[in-house]
Amino acid sequence: MSTFRFEAIKQTAGRTPVKVEELERKSVIFGSNVFNDKVMRQFLTPEAYKAVQSAVQHGTKIDRKLADYIALGMKEWALSKGVTHYTHWFQPLTGTTAEKHDAFFETSFDGSDPIEKFGGSQLVQQEPDASSFPNGGIRNTFEARGYTAWDPTSPAFIYGTTLCIPTVFVSYTGEALDYKAPLLRALSAVDEAATAVCQYFDKNVKKVTATLGWEQEYFLIDTALAASRPDITLTGRTLLGHASAKGQQLEDHYFGSIPTRVLNYMRDLENECMLLGVPVKTRHNEVAPNQFELAPIFEEANLAVDHNSLLMDVMQKVGERHNFKVLLHEKPFAGVNGSGKHNNWSLATDTGVNLLGPGKTPMSNLQFLTFFINTIKAVYTYEELMRASIATASNDHRLGANEAPPAIISVFIGDQLTKVLAELEGVSAGKLSPEEKTDLKLNVVGKIPDVLLDNTDRNRTSPFAFTGNKFEFRAVGSSANCANAMTILNAIMAKQLKDFKVAVDALIESKDMKKDDAIFNVLREYIKETKAILFEGDGYSDAWQEEAAKRGLSNHKTTPGALKAKVSEAALNLFEELGVMNHKEAEARYEIELEEYTKKIQIEGRVLGDIARNHIIPTAIRYQNVIIENVKGLKEIFGAEFETVGKEQISIIREISGHIAAINSKVEEMTEARKAANALETSEEKAHAYCDNVKPFFDVIRRPCDKLELLIDDEIWPLTKYRELLFTR
């Protein structure tokens, strides 16, 4: 008997829901462990408080002397809540968060006079080892120095007994080595560009903020079952496993009654989120068995990214309390839907206006159309860069797999807005007559408010869809750091808005056009230029792939091909012009992402070979020996007739031998392909070799392994099966 597997199932079956402590109302506990505005007013001097607010709102630098006062207030608050350590919490290019804890506790040189110490220098800057994190060649191994620097726009928080201070991470020579620094630069760029355009419509606008609402999908698997699978433990997904007789075909899990154990986990997770100021609001069952989703209220993009990164860590820690392994991999199980992380994005002014929300007056609708059409133009111009922003080894499993948007980037806007753009395109060029202005404002632009009342149906096959008052970037993977996609999206929008303002101002100056006339003329040209990116149909169809090729849209189905756009001349110039990344930083990230892809495929290949040879083949031989003994017994009893009586057993013996031979030979070939890929010189060559020459063996090896799962006695099969992983509650 496969003791480990059945012991895991027994443990899981005996679980009882973990009791969750009832806290006060969410509105009462929200942000209790956050150094937020309310806390700062209480623990900071007026001067220190104003310094933080000025840094948050205007980006002004905080004086070191004031930093000492801020650190003192932060320390006193943290100590009052039982905190013992502090850490600079940052997001290196590893896909996870990082932290090094230091105690507040210090002593004098002779060991006397113990005190709790935390000053401005500890708050503002620390020095982790930069060479131990991915740097893409920016730093030599022997050059270790790097810096974390406090980001005051994302408030410090307490988790457990540790004060966590969100920071950026840069090298000794100043290059960004994390996700946050380029994101902050992109957000600053879009703020500047969008504010300038807003001035056409409202002179009171002084700041534009990018907003983000993410939707986090995930699987929950009992820890005992997950531990019984080496592939889940080491890669986050199942590399082998025959489909369960029942999967998601009955569609009975989606939005269904939430299992008690899971509901208690969700409640516990929500409590932690409330304390940490993460405004989670929605929870439900997703499409696949044991798949779930939670989503928050929209926030400023930098804070939303931090909250999602924090959440992914907290999810795992809360999961441990409930004996759950949280799977954030985009495709943990073959044959059922994988997990994504829709990024809902918009822009909002400091006057309280959502720039992608259709308004109620001609002027506000003109503003809406300006930002709406410019977004489409930005995506059209940089569609390859958008595709590159969501390219990972794990997300390749989802894109175009009839469960997620295709690898072709397109924009869905719905029938009503399509008609509005068509009418705008039909307006004659040049100055608008009074009649045209009246018709345009009252009949065309005036139609926009109806969109909110009678919205077009959503298109789940679209990677970038307008959903009423925001754009939904549906193609982001569940394990991704949102900063990758948000840096690109906000950067291309900033560039587009800058170009738009130049074009409008040129028409006003050179042709003596009024502002509205100039805006409409530029928008009309954009509508004509960007038709190729608009698509309302089935993104999964073969017809769309053919049509997209005719339109000149890219279709990079794998990560190595998609990532190249990040170091194209256009991308490098874009990043440098906006100050988002210099060439060195952009090229380093390209190198890091290629290496990450290679390493993930390499690990999966090694794990697959290990399981196939050390688990599957020995089990197959063991079962084959049982049948051989059976055939020997039949021969003793039936003599010459045993070939007829034992025909099926002999057939099974031969079938098992065939599968064993196929597995063994293909594992050998995969190993040789891996060795050949490892011998290549550049990261780009290695990534393509792993993609084209190593990864294809995965399905070839899996097929006979899964066939054996159906042949071999269930009592001795070593790997926990899909039916157990997906349906054990």
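The values are calculated or read from the model by the stated rules, or taken from the named source; none is laboratory data. All values derive from a computational prediction rather than experimental measurement. Don't worry about glycine lacking a Cβ; one is built from the backbone with ideal geometry, like all the others, and counts go over all protein chains shown. The protein model used for the area step is the full one, side chains on, heavy atoms only, and it has no ligands, DNA or RNA in it. Shrake-Rupley method; radii C 1.70, N 1.55, O 1.52, S 1.80 Å.
General observations
- Filtering the stretch 547-570 to residues that are of a type outside the set (Val, Ile, Thr) and within 21 Å of the chain's Cα centre (by Cα) leaves Asn555, His556, Lys557, Pro560, Gly561, Ala562, Leu563, Lys564, Ala565, Lys566.
- Where helices (runs of 4 or more DSSP H) fall entirely within the stretch 533-611, those with at least 2 residues that are open to solvent by less than 50 Å² (accessible area, probe 1.4 Å) and not aromatic (Phe, Trp, Tyr) are at 559-563, 569-578, 583-611.
- Checked across the stretch 254-269, the condition of being within 25 Å of Ala334 (Cα to Cα) and aliphatic (A, V, I, L, M) holds for at least one residue.
- Among the residues making up the stretch 211-240, those that are open to solvent by less than 10 Å² (accessible area, probe 1.4 Å) and either of a type in the set (D, E, K, R) or at positive phi (or both) are Asp222, Arg229, Asp231.
- Ala662 being more than 21 Å from Gly561 (Cα to Cα), at pLDDT 95 or above and among the small types (Gly, Ala, Ser): yes
- Condition met for Lys528 (in contact with a helix residue (DSSP H, G or I) (Cβ under 9 Å, 6 or more places away or on another chain), more than 20 Å from Ser389 (Cβ to Cβ) and either open to solvent by 20 Å² or more (accessible area, probe 1.4 Å) or part of a helix (DSSP H, G or I) (or both)): yes
- Test: residue in the stretch 357-365 that is open to solvent by 10 Å² or more (accessible area, probe 1.4 Å), at pLDDT 95 or above and either part of a strand (DSSP E or B) or among the polar types (S, T, N, Q) (or both): no
- Ile637 closer than 23 Å to Arg613 by Cβ and either surrounded by fewer than 18 Cβ atoms within 10 Å (Cβ to Cβ) or not hydroxyl-bearing (Ser, Thr, Tyr) (or both): no
- Subset of the stretch 107-127 (residues that are modelled with pLDDT under 80 and of a type outside the set (Asp, Glu)): Thr107, Ser108, Phe109, Gly111, Ser112, Pro114, Ile115
- Taking the criterion of being under 24 Å from the mean Cα position of the chain (by Cα) and either open to solvent by less than 20 Å² (accessible area, probe 1.4 Å) or on the phi > 0 side of the Ramachandran plot (or both), the only residue of the stretch 241-254 that qualifies is His253.
- Residues in the stretch 370-388 include none that are surrounded by fewer than 24 Cβ atoms within 10 Å (Cβ to Cβ) and among the small types (Gly, Ala, Ser).
- Residue satisfying all of: in the stretch 23-47; surrounded by 13 or more Cβ atoms within 10 Å (Cβ to Cβ) and aliphatic (A, V, I, L, M); nearest to the chain's Cα centre (by Cα) among these: Val34
- Every residue from the stretch 487-541 that is within 26 Å of Gln416 (Cα to Cα) and of a type in the set (Asp, Glu): Asp516, Asp517, Glu525, Glu529, Glu536, Asp538
- From Thr173, Thr153, Thr148, Thr96, residue being part of a loop (DSSP other than H, G, I, E, B) and open to solvent by less than 50 Å² (accessible area, probe 1.4 Å): Thr153
- All positions within the stretch 65-82 that are in contact (Cβ under 8 Å) with a residue 12 or more places away in the chain and over 15 Å from Thr45 (Cβ atoms): Ala78, Leu79, Lys81, Gly82
- For the stretch 1-22, the set of residues classified as open to solvent by 30 Å² or more (accessible area, probe 1.4 Å), among the hydrophobic types (A, V, I, L, M, F, W, C) and in a loop (DSSP other than H, G, I, E, B) consists of Met1, Val18, listed by residue number.
- Here Phe255 fulfils each of the conditions (1) modelled with pLDDT under 95; (2) under 22 Å from Asp699 (Cβ atoms) apart from (2).
- Pairs linking a residue in the stretch 293-318 that is without any contact (Cβ under 8 Å) to a residue 24 or more places away in the chain to a residue that is open to solvent by less than 20 Å² (accessible area, probe 1.4 Å) and not charged (D, E, K, R), with Cβ atoms under 6 Å and 6 or more positions apart or on different chains, are Gln316/Val326.
- So Gly241, is it part of a loop (DSSP other than H, G, I, E, B) and of a type in the set (Gly, Ala, Ser): yes
- Identity of the residue in the stretch 640-669, touching a residue at least 12 places away in the same chain (Cβ under 8 Å) and open to solvent by 70 Å² or more (accessible area, probe 1.4 Å), that ends up nearest to Asp713 (Cα to Cα): Glu655
- Here Phe105 meets the list (1) without any contact (Cβ under 8 Å) to a residue 40 or more places away in the chain; (2) aromatic (Phe, Trp, Tyr); (3) in contact with a helix residue (DSSP H, G or I) (Cβ under 9 Å, 6 or more places away or on another chain) almost entirely, failing just condition (3).
- Helices (runs of 4 or more DSSP H) within the stretch 409-494 that include 2 or more residues surrounded by fewer than 24 Cβ atoms within 10 Å (Cβ to Cβ) and modelled with pLDDT under 60: 434-439, 450-453
- Some residue of the stretch 126-138 being more than 30 Å from Thr682 (Cα to Cα) and assigned to a loop (DSSP other than H, G, I, E, B): yes
- Summed over the stretch 477-535, residues that are of a type in the set (A, V, I, L, M) and within 20 Å of Leu553 (Cα to Cα) total 9.
- Pairs linking a residue in the stretch 492-507 that is free of Cβ contacts under 8 Å to residues at least 24 places away in the same chain and of a type in the set (S, T, N, Q) to a residue that is surrounded by 18 or more Cβ atoms within 10 Å (Cβ to Cβ) and not in a helix (DSSP H, G or I), with Cβ atoms under 8 Å and 6 or more positions apart or on different chains, do not occur.
- Identification of helices (runs of 4 or more DSSP H) wholly contained in the stretch 670-729 with 2 or more residues that are loosely packed, with under 14 Cβ neighbours inside 10 Å yields 696-711.
- Just one of (1) surrounded by 12 or more Cβ atoms within 10 Å (Cβ to Cβ); (2) not in a helix (DSSP H, G or I) fails for Gly82. It is (1).
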